[in-house]
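Since the structure comes first, as C-alpha cells, the remarks are kept for the end.
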Amino acid sequence: MKRLFIRKSKSCFPLGLRGLNNLGNTCFMNSVLQVLLHAPPLRNYFLSDRHNREICRKMSTDRLCLPCDIDLMFSAVFSGDRTPYSPAQFLYSWWQHSENHATYEQQDAHEFFISMLDKIHDKEGKASLAIKDNRDCQCIAHRAFYGLLRSDVTCASCGFTSTTHDPCMDVSLDLSVCNSSRKDFASKSSKPNESLVGCLDLFTRPEKLGFDQKLYCENCHEKQDALKQMSIKKLPLVLCFHIKRFEHSPTRKMSRKIDCHVQFPLSLDMKPYLSSSIVRKRYGNRIFSFDSDESDVSTEFEIFAVVTHSGMLESGHYVTYLHLRNQWYKCDDAWITEVDEEVVRASQCYLIYYVQRMMLYHKSCEDFSCQPMSLRADTFVPITGCC
C-alpha cells in the first residue's frame, strides 16, 4: 500500500485525493466529507464557482456560512497539494450551525451526513425563489441527493390502496437479521453475510402491518388488516444507502451493532425497485401511466464511495473507501492508501454511495479526475449538463 501524501513518484492519481486531519474524534466527519468532496454534482458545483465566497460575503449578513467553508475546502483539496488538510474552519462553522453537535465526542456518520445536507439546504435554499416543497428546491443538496419514496397500504379485505409519497435524501435499509428471532438480543455470535440487493428486496417486499397499525379503509369505513409496500418514486443523481447496523431494544434498554458483512455490486440497476416496476408486478400486465418522475430517468448507477464502521457501538472508527478510475483508495483521516477491492468488501459498510452512470463516465469527468501529483493549482473543467 502507498501513502499518497508522502509519495514522490509521478504516477497518475485522481486529483482531490487529500487526507483530512482528525481534530479530535472527527473521523465521522472526515469520512462523510471525503464522500461529498468526490460526489460529481457537488464537485462540479463548487469547483465551477457556483457558490462564490466573495459575492456571498457581500450579499449575506450571516457571520458564518457553511457553504462558503465547504467551497474553501474544495479549493484546498483540489489545489494539487497532497499534504493533509485540517478542516478546522469548517468544523467551527458546523458547530455554530448545529450547537447540539458541538462536542469532541464520537458521533454518527449518517446523522452528520443528513445534518450537512440540511445545513446546505438552509443556506442555499434562501437564495432561490419561494418554493412550494423540496421537490422544487434548486439547492445543490437537493439537486444531488433528493429522491421520493412511495408507500402503498392496501386493505386486505377490499383491496383499496392508500398511497403516500415521502421525500428522502437517502434510503435506510434493514438487514434481514433484524427481522429474525431476537431471543438472544445481546448475542455476539457471527452473522451470515448479507447483500445490498437482498436488503433492497426486503425494503420493497410487501409487509403485513401489525394489529396496532391497522388501516382505516375509506372503502370499508373501518379499520382493516393491511399490507404495506415501499418503492422508489424518484431516483436522485447520487444515491445513498444507509445500512441500519445499530439496533436498539427499548424493552431491554440495550443496543448492539450488527457485525455481518454486506456484499454490494459495483454497478447497480435500480429499475426493479422503482414504483412503476413494483406496481406493474403487483397487478400483472395491466397498463399504468406514471408521471415524469420516472420517465427517461437513468436507472444505472456506479459505486463511488463506501463509508465503513469498525469497532464497538460506542467507540468505533469510520473510514471511507473511494472508487476512482477503477481503483479503490482508503481515506483514513490523514492517510490515503491504495487498496484492493477485497479489502473494501471485507469491511463493514455503513453508508454506500452510487452515482448515475451517465455522470460518472462523462469524458470531461474522466479527463479531470486524473492529474499528476504536483503542487500546481489545476484548472477545473466543468461537466456539461451537470448541476
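The values are calculated or read from the model by the stated rules, or taken from the named source; none is laboratory data. Computed from a predicted model, the values in this text were never measured in an experiment. Using ideal geometry, Cβ is built from the backbone for each residue, glycine included, and neighbour counts are taken over all protein chains shown.
Here the stretch 64-84 is the region considered, the condition is being over 23 Å from the mean Cα position of the chain (by Cα) and hydroxyl-bearing (Ser, Thr, Tyr), and the residue that is nearest to Arg18 (Cα to Cα) is Thr83.
Annotation for the stretch 48-63: at least one member residue is modelled with pLDDT under 95, aliphatic (A, V, I, L, M) and either more than 23 Å from the chain's Cα centre (by Cα) or assigned to a strand (DSSP E or B) (or both).
Screening Asp212 on (1) under 20 Å from Ile114 (Cβ atoms); (2) among the acidic types (Asp, Glu); (3) without any contact (Cβ under 8 Å) to a residue 60 or more places away in the chain shows it passes everything except condition (1).
Considering the stretch 64-94, the residues that are more than 17 Å from Ala334 (Cα to Cα) and hydroxyl-bearing (Ser, Thr, Tyr) include one that is surrounded by the most Cβ atoms within 10 Å (Cβ to Cβ), namely Ser93. Each residue in the stretch 83-104 was checked for being of a type in the set (A, V, I, L, M, F, W, C) and at pLDDT 90 or above, and 3 pass. Looking only at residues of the stretch 144-156 that are part of a strand (DSSP E or B) and among the small types (Gly, Ala, Ser), we find that the one that is surrounded by the fewest Cβ atoms within 10 Å (Cβ to Cβ) is Ser151. Within the stretch 340-356, the set of residues being over 11 Å from Val306 (Cβ atoms) and touching a residue at least 40 places away in the same chain (Cβ under 8 Å) comprises Ala346, Val355, Gln356. If you check every pair at least six apart or on different chains, which have Cβ atoms under 6 Å apart with a residue in the stretch 153-174 that is in contact (Cβ under 8 Å) with a residue 24 or more places away in the chain first and a residue that is β-branched (Val, Ile, Thr) and in a strand (DSSP E or B) second? These pairs meet every condition: Thr154/Thr161; Ser162/Val153; Leu173/Ile243. Of all residues in the stretch 270-295, which are surrounded by 18 or more Cβ atoms within 10 Å (Cβ to Cβ), touching a Ser or Thr at 6+ places or on another chain (Cβ under 7 Å) and modelled with pLDDT under 90? Result: Glu294, single match. Among the residues of the stretch 350-359, those that are at pLDDT 95 or above and either farther than 17 Å from Pro40 by Cβ or hydrophobic (A, V, I, L, M, F, W, C) (or both) comprise Tyr350, Leu351, Ile352, Val355.
Let's see how each residue does on (1) at positive phi; (2) loosely packed, with under 14 Cβ neighbours inside 10 Å; (3) at pLDDT below 95:
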residue: Ile120; (1), (2), (3): no, no, yes
residue: Cys139; (1), (2), (3): no, no, yes
residue: Cys158; (1), (2), (3): no, yes, yes
residue: Glu194; (1), (2), (3): no, no, yes
residue: Thr204; (1), (2), (3): no, no, no
residue: Lys208; (1), (2), (3): no, yes, yes
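If only one of Asn25, Asn44 is at positive phi and in contact (Cβ under 8 Å) with a residue 40 or more places away in the chain, which one is it? None of the others qualify; the one that does is Asn25. The residue that is nearest to Tyr354 (Cα to Cα), among those in the stretch 191-223 that are part of a strand (DSSP E or B) and in contact with a Phe, Trp or Tyr (Cβ under 8 Å, 6 or more places away or on another chain), is Ser195. Just one residue in the set Ser231, Ser298 is small (Gly, Ala, Ser), part of a loop (DSSP other than H, G, I, E, B), modelled with pLDDT of 85 or more and touching a strand residue (DSSP E or B) at 6+ places or on another chain (Cβ under 9 Å); that residue is Ser298.
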